[in-house]
Amino acid sequence: MRTAVRDVMTTEVVAAQENVPFHVVAELLIRYAVSGAPVVDENNRVVGVISEADLLRKEEFKQRYYGDYYRPPLRARLRHTAGSEHGGYRKSLGQNAGDLMTAPALVTTPEASVVTAARLMDKHGIKRLPVVDAEGRLVGIVSRRDLIKVFVRDDEAIKAEVIHGLPLHAVSKVEVAVKEGVVTLSGQTDKSSEALFAARHAENVDGVVDVRDELTWKEVDTATIPPVWGGA
């Protein structure tokens, strides 16, 4: 079974209401040592996300427009220019969480796989995702640190899942060993397709760092077998 977001997410979430003042948001992030937090409405539905970077826009633009010899980096200037009304300058004028937040928020659900959540974070360059229920209400938060928990699974748990996913007739023919997340498959299957399936299944088990495929087979029954797979 694939690890879901619900298995690794944090349910005690630091969140801010839309009308929370600027200084209260700053105190919230400092007090709980977090770099960002979801912003919710009166029904606890996620409407945006606020981060340290959003708060720093106010000081950044003060310097930019009021005489100090500060000039934002090119990347920051491009980001601020791209969206005039919705860009950094608008946020620099904000007085509460609703003004400062980035919206709409990228979110995930408890049922989503950790792989899906990781890809979403990577695609958008973010470090955390609010977790919402079917009505969009906040139920948790998942971070990059939470996602890497799948790589510290117990070796025996990984081994049990690899074996459980093998066809019954192949279980006695495939030997599975796991050490520090590295799976070694050995033995001889009846058909090459069974060996191929076993290796690909092992690769897809959460927590597997690498697969060492030492399997051989009696009969080739697939159109193409990668050279590294060998044969009897």
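Throughout, read-outs are computed from the coordinates displayed, never taken from laboratory work. Model, not experiment: these values are computed from the prediction.
Can you give me the P(r) profile for segment 91-175? Cα pairs, bins 5 angstrom wide beginning at 0, each as a whole percent. In whole percents, the pair-distance histogram is 3, 11, 16, 15, 14, 12, 10, 7, 5, 2, 2, 2, 1, 0.
Looking at segment 125-232, the pairs of alpha carbons with a distance over 17 Å make up 59% of the total.
Residue pairs exceeding 31 angstrom between C-alpha atoms, taken from 159/191; 127/173; 149/218; 179/218: 127/173; 149/218.
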